[in-house]
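Beneath this line is the structure, given in structure tokens, with notes to follow.
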Amino acid sequence: MSKKNAQKKEFTMSREEYIEHLSMKSNEVHMTTKNSKTGCGVIDLAFPVITCREDAPCKKGGCYCCKGTQVMATVQGAYYRNYRLYHEDPVDFWNQVWFKLAHCGLLRCRYFDCGDCPDYAFVEGMVATAKKFPEMKFMAFTKKYFLVNQWIDNNGNLPDNLNIIFSAWDKDWEVLNPHHLPVAYVDFKDSEKTPVLPAKYQTCPNQKDKTITCSMCGKCWRKDLGAVVFKQH
């Protein structure tokens, strides 16, 4: 072995250790406009899938956040950093979010393009953020219906510029929606799994034409959305 090789030190980490390392490299909340589906006109804030419901049926092979670029270590590191920062200091977390929103120059924000609502306090944070930025529109898909239902039970209607869409799944999955919030359905490749769809619903144009992003469409930010159907992909 050469002297050069003898002096070389090797240091290896597991994937999980590397993601944790990346999540600790910065204390800046990660928000992005680089999601290919939402486009450059929407700023996104996401968490890791550990924030999702334990019984979420989409975890059984249907989770879009467990495929493609979202499983890259650098992306996962950013998600876990957001999760860490929110739990370590939620006040600073929201202050950072507000700073980024104030300077992004955009009119739309999406929560949870990965992951889900961490807790009830986060719903309160989303509401406070919508009230602080009345000129912006905010949107989130969630399967944590109980958190949103509890907030509405306690406080009344959500702000006009905050649209929370209850995410459905197959015909065996129950969506508890006493306040009649918009619902997102999945049209499964196996039609036996597809739930009964409402008579009227919106569709996602991005599924037919990838050049049409959420930045161009904006349907899901509308309070009168009602229902939207996504084809399984």
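The values are calculated or read from the model by the stated rules, or taken from the named source; none is laboratory data. The structure presented is a predicted model; accordingly, all values stated were derived computationally and were not measured. A quick note on method: Cβ atoms are made from the backbone with ideal geometry, for glycine too, and the neighbour counts reach across all protein chains shown.
Are any of the residues in segment 193-201 within 18 Å of the chain's Cα centre (by Cα) and in contact (Cβ under 8 Å) with a residue 24 or more places away in the chain? Reasoning before the result, please.
The first filter runs over segment 193-201 and keeps only residues within 18 Å of the chain's Cα centre (by Cα), leaving none.
Within segment 193-201, not a single residue is within 18 Å of the chain's Cα centre (by Cα) and in contact (Cβ under 8 Å) with a residue 24 or more places away in the chain.
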| query | Of (1) touching a Pro at 6+ places or on another chain (Cβ under 9 Å); (2) modelled with pLDDT of 95 or more, Cys65 satisfies all except one. Which? | reply | (2)
| request: Report, by residue number, each residue of segment 112-164 that is of a type in the set (Val, Ile, Thr) and buried (at least 19 other Cβ atoms within 10 Å of the Cβ). | output: Val123, Thr129, Thr142, Val148, Ile164
| message | Condition check: hydroxyl-bearing (Ser, Thr, Tyr), within 19 Å of the chain's Cα centre (by Cα) and surrounded by 15 or more Cβ atoms within 10 Å (Cβ to Cβ). Does Thr213 satisfy that? | response | yes
| field | Whichever residue in segment 165-210 is touching a helix residue (DSSP H, G or I) at 6+ places or on another chain (Cβ under 6 Å) and part of a strand (DSSP E or B) and, among such residues, is surrounded by the most Cβ atoms within 10 Å (Cβ to Cβ) | value | Phe166
| said: Residue under question is Lys231, and the condition is that it be surrounded by fewer than 15 Cβ atoms within 10 Å (Cβ to Cβ), at pLDDT below 95, within 28 Å of Leu147 (Cα to Cα) and not hydrophobic (A, V, I, L, M, F, W, C); does it hold? | reply: yes
| message | Kindly evaluate Arg81 against the criterion of being basic (Lys, Arg), in contact with a strand residue (DSSP E or B) (Cβ under 8 Å, 6 or more places away or on another chain) and in contact (Cβ under 8 Å) with a residue 24 or more places away in the chain. | response | no
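Kindly evaluate Lys34 against the criterion of being touching a Gly at 6+ places or on another chain (Cβ under 8 Å), more than 30 Å from Asp153 (Cα to Cα) and exposed (fewer than 15 other Cβ atoms within 10 Å of the Cβ).
Working: touching a Gly at 6+ places or on another chain (Cβ under 8 Å): no; more than 30 Å from Asp153 (Cα to Cα): yes; exposed (fewer than 15 other Cβ atoms within 10 Å of the Cβ): yes.
The answer is no for Lys34.
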| query | Scanning segment 80-111 for residues that are surrounded by fewer than 21 Cβ atoms within 10 Å (Cβ to Cβ) and among the polar types (S, T, N, Q), which turns out nearest to Leu45 (Cα to Cα)? | reply | Gln96
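Each row is one residue, and each column tells you yes or no for (1) of a type in the set (Gly, Ala, Ser); (2) in a loop (DSSP other than H, G, I, E, B); (3) over 17 Å from the mean Cα position of the chain (by Cα); (4) at pLDDT below 95.
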residue: Ile50; (1), (2), (3), (4): no, no, no, yes
residue: Gly61; (1), (2), (3), (4): yes, yes, yes, yes
residue: Thr69; (1), (2), (3), (4): no, no, no, yes
residue: Asp92; (1), (2), (3), (4): no, no, yes, no
residue: Asn95; (1), (2), (3), (4): no, no, yes, no
residue: Phe99; (1), (2), (3), (4): no, no, yes, no
residue: Cys114; (1), (2), (3), (4): no, yes, no, yes
residue: Met126; (1), (2), (3), (4): no, no, no, no
| message | Among the residues in segment 26-37, are any modelled with pLDDT of 95 or more, farther than 26 Å from Ala130 by Cβ and not in a helix (DSSP H, G or I)? | response | yes
| field | Residue within segment 135-142 that is among the charged types (D, E, K, R) and in a strand (DSSP E or B) present | value | yes
